[in-house]
Every structure is written in C-alpha cells, then in structure tokens.
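Visitor: Let me begin by handing over the structure; questions about it come next.
The values are calculated or read from the model by the stated rules, or taken from the named source; none is laboratory data. All values reported here derive from a predicted model rather than from experimental measurement. So basically every Cβ, Gly included, is an ideal-geometry build from the backbone, and we count neighbours across all protein chains shown. Ligands, DNA and RNA are excluded from the accessible area calculation, which covers all protein heavy atoms including side chains. Shrake-Rupley method; radii C 1.70, N 1.55, O 1.52, S 1.80 Å.
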Amino acid sequence: MKSKMRTFDKGELTSLCDEIALKDADLHSIILKYGYPPFWDRKPNFETLIHIILEQQVSLASAKSALLKLKGKLGTITAEKLILLSDQELRDCYFSRQKTSYAKNLAREILTGRLVPSRLSSLSDLQIREKLTAVKGIGNWTVDIFLLMALHRIDVFPAGDLAAVRSLKRNKNLPQDVSRETVLKISETWKPYRSIATMILWHSYIRDKNIKL
C-alpha cells in the first residue's frame, strides 16, 4: 500500500514508537518518562466529525461536554437526527452559533450524498482533505485529527494543533515564538511516521499538564 494511505493499528503502536525514538532522542525521552502513548481511536463517522468540530479552539473537556449533551438528546448522533434540531436546541447543547452552522452544513452534505464518511477510508490523504475542506466549517486541523484518530493514517502532523506544537517546543527547548517553518522542518524529520510522533507529543502534553480525559 502507498505510504500516503498507510495506516497503523493498536498492535503496531509500541514498535512504531520504538522505531521513531531511535531517530529522535527527545521523543525517546518522553517515552522513558511517561511510557508509550495510548492508542487514540475514534470511529470514522458523522459523530466523530461533529466531535472534532466541537473541539475547534476550545478545551477537550468543553467539547466532550457538548458532545455528551447532544448524545443525551439524540441517542445516536446522525445527520438525519441533527438536521431536525433547531439552532436553539443545538445552543442548549453548548454549540456556539458558528458551530451550530458548521454542524448543520456537515449534516446537509451527508444527507445530500455529497459526502459519505464510510467511503473516505478508500481515498488518499489528499483526496480526503479536498473532500472535507469543501465543507464549510472543516479546515485542515479538523482533517488532520480525523486522518490521525479515525483513519489512523501513519504520516500526519497537525501543524495547527496547539497541544502538539506546544509539546514540540517544550520537549525540544525551543522559544515560544519559533517560526512555523521551523516546526514543520522538524516534523519532516519524522516522516513517514509523523502521526506516531504526534501521539507521543500529545501524550507528553497531557501528562505534563495532568489533563484528565
């Protein structure tokens, strides 16, 4: 399988972490300090896309709270059910005005058949990015998280992810104002396992901050 569509599973995570740790002493140090990262896993469906939209620019806890509130209202979160909710009902589930619009845009794309989440796994990373970013409210960060956590594509670095970037700066003793170009150049050294490096960085960030998931 071409690397741009290569995936990884839970059983491979430890060996892949070991492999990338041989290339990067700072990532190796994280593993020595905190152990291996968990295998973060979400289903490649509408609910996960809604969850990631909710996570845009807010804490993980806030997004999870909104998702659980929505799930409590709908049971299974589907496009068919969500589209029937009024804007006020979504705001009662802690959706902002903007995210209410994004969620409904996504639901309409799915209901019209323009986007079929179950078919995304057969596409390349680039094709998936093109399809998803065509939906208003879905940008590159949302696509990166979907590729990494739902489809487990092996070579994704979410350059717009604050936790990953802050962890990278901290673990490599870089100044906070280091350029995006420098961050991307460092991430290039992790190819073709940038997703694995990202999981290690997330693990460090969560443990450093004592974040409860």
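Visitor: In degrees from 0 to 90, rounded to the nearest 10, what is the angle of the helix 162-171 Cα long axis to the longest principal axis of the chain?
Guide: Tilt of helix 162-171: around 10 degrees.
Visitor: Extending each Cα 7 Å along its Cβ direction at Glu12 and Ile83, get the distance between those two points in nm, one decimal.
Guide: So the two model labels end up 3.6 nm from each other.
Visitor: Among the listed pairs Lys64/Lys131; Lys131/Lys191; Lys64/Lys212; Lys10/Lys212; Lys33/Lys209; Lys99/Lys169, give every one whose C-alpha distance is greater than 18 Å.
Guide: Lys64/Lys131; Lys131/Lys191; Lys10/Lys212; Lys99/Lys169
Visitor: Can you work out the accessible area per residue across the range 12-170, with the rest of the protein chains kept in place, probe 1.4 Å, in square angstrom?
Guide: Numbers: 7620 Å² over 159 residues.
For the range 12-170, the per-residue accessible area is 48 Å².
Visitor: Between beta-carbons, use under 13 Å as the cut-off and find the net charge around Ser187, counting Lys and Arg +1, Asp and Glu -1.
Guide: 0
Visitor: Of all the accessible heavy-atom surface of the chain, with the other protein chains kept in place and a 1.4 Å probe, what percent is carbon and sulfur?
Guide: 51 percent
Visitor: In Å, the Kirkwood hydrodynamic radius of the range 1-105 over pairs of distinct alpha carbons?
Guide: In the range 1-105 this quantity evaluates to 16.4 Å.
Visitor: Here is a follow-up. Probe radius 1.4 Å, ligands and nucleic acids left out: which of Arg170, Arg91 has the largest accessible area, and how do the rest follow?
Guide: Working: Arg170 150, Arg91 75 Å².
Sorted by accessible area, descending: Arg170, Arg91.
Visitor: Rounded to the nearest 20 Debye, what is the dipole magnitude of the range 46-151 about its Cα centre when Lys and Arg each give +1 and Asp and Glu each give -1 at the C-beta?
Guide: 200 debye
Visitor: Hey, if we sort Tyr205, Tyr36 by accessible area with the 1.4 Å probe, largest down, what's the order?
Guide: Tyr36, Tyr205
Visitor: Still on this structure, I have one more. Only Cα pairs under 8 Å and at least 6 apart count here; give the relative contact order of the chain as a rounded whole percent.
Guide: Computed value for the chain: 30 percent relative contact order.
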